[in-house]
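Down below is the structure, laid out as structure tokens.
Where a number appears in this text, it was derived from the coordinates with a stated rule and is not lab data. Given the structure is predicted, the values throughout are model-derived calculations rather than measurements. In this analysis, Cβ positions are derived from the backbone assuming ideal geometry, glycine residues included, and neighbour counts consider all displayed protein chains.
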Amino acid sequence: MLTKILFAAIEYRWLVVGLSILLAMLGGLSLANLNIDAFPDTTPVQVQVNTTAPALVATEIESLITFPIEQAMGGMPGLSNVRSISQFGLSQVTLTFQDGTDIYRARNFIQERLSSLEFPVGIPRPTLGPVATGLGEVLHYHVKSKNRSDSNLMELRTTQDWRIRRELKSVQGAAEINSWGGLEKQYQVLVDPDKLFKYKLTLQDVFAAVEGGNLNVGGGYIDRQGDMLLLHGIGRTKTPQQIENIVIKSSQGIPISVKDVATVAIGHDIIRGMVTANGEGEVVLGLGFMRIGESSYRVTSALRKQLDDTIKHLPPHIEVKTVYDRTELVDKVITTVRTNLCDGALLVVVILYLFLGNLRAGLIAAVTIPLSMLFAFVGMWPAGIAGTLLSLGAIDFGIVVDSSVVMLENIIRRLAHYQTDGSDARSRNQVIKDAANEVRIPTVFGQLIIMIVYIPILTLEGVEGKMFRPMALTVMLVLTGSLIFALTLTPALASLLLPAKVEERDVWLVRVAKKVYQPVLQKLLSLRLTVLGVGMIFLVCASGIAVKLGTEFVPQLSEGAIVIGVLRVPGTSLQQSAEMNLSMEKFIRDRYPEVQDVWSRIGEPEINTDAGSPESTDMFVTLKSVDKWRKQFKKQSDIVNSLAEDLKVFKGQTTWFTQPIEMRINEMLTGSRSDLSLKLFGSDVDTLIKKSGELEDVLQGVRGCTDLSIEQIAGQPILQVKLNQDELARYGISATIVLDL
């Protein structure tokens, strides 16, 4: 079979060249549509169930919302893990399904279960988080006023929600555009309890009047002599004055309106999150999320383009600035891979020329490199394999050209013998056929043995499988392409391009190597036992060193951005955290010219993709290009170490350092944003808190342990108003009246 393929490739060499060109064009098309990202998406099939109840404390959230949701989700097909967070104003239940589960099918199951739940009156229905991966947060931008002294946070939030967000959500592949910070506009009726008492009204009377005086209704239709006239009752208010004039009730013919017992004003919703930037003040943060299965590069580029178009139509005093863009990291990765590929290909050509002594042969072998890559792209595109630093960076060009070099070296040797042997009556093409046929078995076996090494990687599951399977499949596709071209295109090009006269001679580099190697080899053969003894000593020493070497799951990728996690004491208010964050931001900007932007997120965004709290902060720091760094910093870790030391001047808080993508990977796997987390389980919270403190003391003594902190699960001050049921019964007052008041 292999012999027939080889002979046909040489016989129909122009057809082989033409088919190779067509395959290269198909590879280029596949590359244009290939999902390019910085990091393999290791996100499990995961769905968030979020419930916002701004007035409830954590214990109420747990008993009324979180626990019923967890109970309802049990036994769903493919469900592998459930974890939850209950905190002031928010319940978040995260459900993880087995790999291979269809995300939309899982969401349908969850919606069916949620529809069967009954929640107390006044608690909103749970909502599902966006259909985005853990790495789907691809764009951050600030909406701020150009005049910092006249920053209207309500106008900024309104602009973000009703103009920018609506435009960006139309981008194909965008899962959600979230808003964080600013003030959400409301019309507020501020009731005076003393005036309620004066007019003998209750708060429920005001609620009913405002609700009944602010609505539109449909009245069906009227049949008017064959014409159908639709009936529409319009009573919705449009101004604060109209709300003030709503009548609550009449007393002795005198109407009592809302303005008699309350003031109507434009205010804002309860502040659940704040964002500060560059030590200058508050801003509104917009976050763009990518839908599962989309290309981060294409989606982020489309979001940026749409954002630039939207900015042109905003008021001139509003400024929108992109501060985090995933395409920047992807561009760096692509540049790194492209540089490595080009340098590697050039190095292979030079080495082949030096050892083969034939430039044409070196170029023929080097052609295998780009063609094998394009062949791999043809397989990666339909298989959904993303081109990442891990998958493309694993390709070894020496292995790629190995089979072609073996083929060419034998062809050159046989052609040289053919030209010097006058009795050989075979044609030149027949000599090439025989030469290629001689090495077909070692050529195939050599590549197959290397590919077999990668087969065990394909059996990995979970995060390991999602991370390393694309790399193994990419390498196997490249090697398959290399083998195909070595058996077809290489002998065809050798027949077309090798010169008429070929000499088999050692180049000067090989001659020098032989002169050095031959006497050394002869000497070592005479000292066989000594050589074996030295080898064993080296093996033992190397084994001892290997045991002490540190291990890491995957080398850390420098993302060009740092996340500083800040944890303060329970009870710290949003405003206090914001003031401290502004001080830290200004400190970082003044001390580190390497920093491009720094901004801090506190609390929760509008759509609760992040279950933050007032005492916890995510501070993002983006860095300028390396050529703008000071000489004392060679890599990103140097800046992190320096920041960790300098930020110790801010007392009363715990800080830890990570990166945007790294943080998301950690969080989506375990719910913790740290590299290593320890979870303690038990039924008594007080005992858990006590034991966690003891564990902290133990872990502090571990060599290399830094940024150690305990997540706060208690300590938030609560002002409780406890009703006296006997007194309520005595006065004939319902608990609802008192609690509403």
Problem - Cα long-axis angle, helix 528-548 against the chain (0 to 90 degrees, to the nearest 10) - result: 10 degrees
Fill in the blank from the handout: Taking R0 as 25 Å and r as the Cβ-Cβ distance between Leu346 and Val534, the FRET efficiency 1/(1 + (r/R0)^6), rounded to the nearest 0.05, comes to 0.10
Handout entry: Relative contact order (%) - the chain, alpha-carbon pairs under 8 angstrom, separation at least six
Key = 17 percent
Problem - Segment Glu579-Leu22, length gained on full extension (0.36 nm per residue, minus Cα span) - result: 194.3 nm
Completion exercise
Sorted on mean Cβ neighbours within 10 Å (highest first), peptides 88-99, 457-468, 435-446 come out as 88-99, 435-446, 457-468
Exercise for the section: Across segment 561-681, how many lysine pairs, 8 or more positions apart or on different chains, have C-alpha atoms separated by under 19 Å? Please give the number. Expected result: 5
Completion exercise
Taking alpha-carbon centroids only, segment 35-77 lies from segment 506-525 a number of Å equal to 68 Å
Handout entry: Magnitude of the charge dipole, the chain, Cβ model with Lys/Arg +1 and Asp/Glu -1, debye to 20
Key = 2380 debye
Exercise for the section: Just tell me which lysines come within less than 25 Å, Cα to Cα, of Lys515; anything on the same chain fewer than 8 places away is out. Expected result: Lys523
Problem - Option label - P(r) over Cα pairs in 20 Å bins from 0, in percent computed here, alternatives (1) 15, 45, 35, 5, 0; (2) 16, 43, 28, 12, 1; (3) 12, 35, 29, 16, 6, 2, 0 - result: (3)
Completion exercise
Computed from the beta carbon distance with a Förster radius of 41 Å, FRET efficiency for Leu230 and Asn33 to the nearest 0.05 stands at 0.20
Fill in the blank from the handout: Once normalised by the length of segment 19-144, the mean sequence separation of its alpha carbon contacts under 8 Å that are 6 or more apart gives a contact order in percent of 32 percent
Practice task
Can you tell me the 0 to 90 degree angle between the C-alpha axis of helix 2-11 and the longest principal axis of the chain, rounded to 10?
Solution key: 80 degrees
Handout entry: Computed [θ] at 222 nm, deg cm²/dmol, the chain (DSSP H ≥ 4; -39,500 (n - 2.57); rounded to nearest 500)
Key = -15500 deg cm²/dmol
Practice task
Evaluate the distance, in nm, between pseudo-label points positioned 7 Å from the Cα of Ala513 and of Leu215 along their respective Cα→Cβ axes.
Solution key: 8.9 nm
Completion exercise
Looking only at lysines whose Cα falls under 22 Å of Lys312's and that sit 8 or more positions away or on another chain, we get Lys144, Lys146, Lys169, Lys321
Practice task
Output the peptides 294-301, 168-175 sorted from most to least packed, where packing is the average of other Cβ atoms within 10 Å over each peptide's residues.
Solution key: 294-301, 168-175
Handout entry: Fully extended contour minus Cα-Cα distance, from Glu438 to Asn108, at 0.36 nm per residue
Key = 112.8 nm
Practice task
Only Cα pairs under 8 Å and at least 6 apart count here; give the relative contact order of segment 586-669 as a rounded whole percent.
Solution key: 22 percent
Exercise for the section: Quickly work out the Lys259-to-Gln172 label distance, labels modelled 7 Å from Cα along the C-beta direction, and quote it in nm with one decimal. Expected result: 5.4 nm
Handout entry: Inter-site label distance for Phe119 and Glu319 at 7 Å from Cα along Cβ, in nm
Key = 4.0 nm
Handout entry: Full-stretch length increase - Leu359, Met1 - with 0.36 nm per residue and alpha-carbon distance subtracted
Key = 125.8 nm
Exercise for the section: Specify the angular offset, from 0 to 90 degrees and rounded to the nearest 10, of the alpha carbon long axis of helix 660-670 from the longest principal axis of the alpha carbons in the chain. Expected result: 80 degrees
Handout entry: Residues Glu727, Glu606 arranged by fewest to most Cβ contacts within 10 Å
Key = Glu727, Glu606
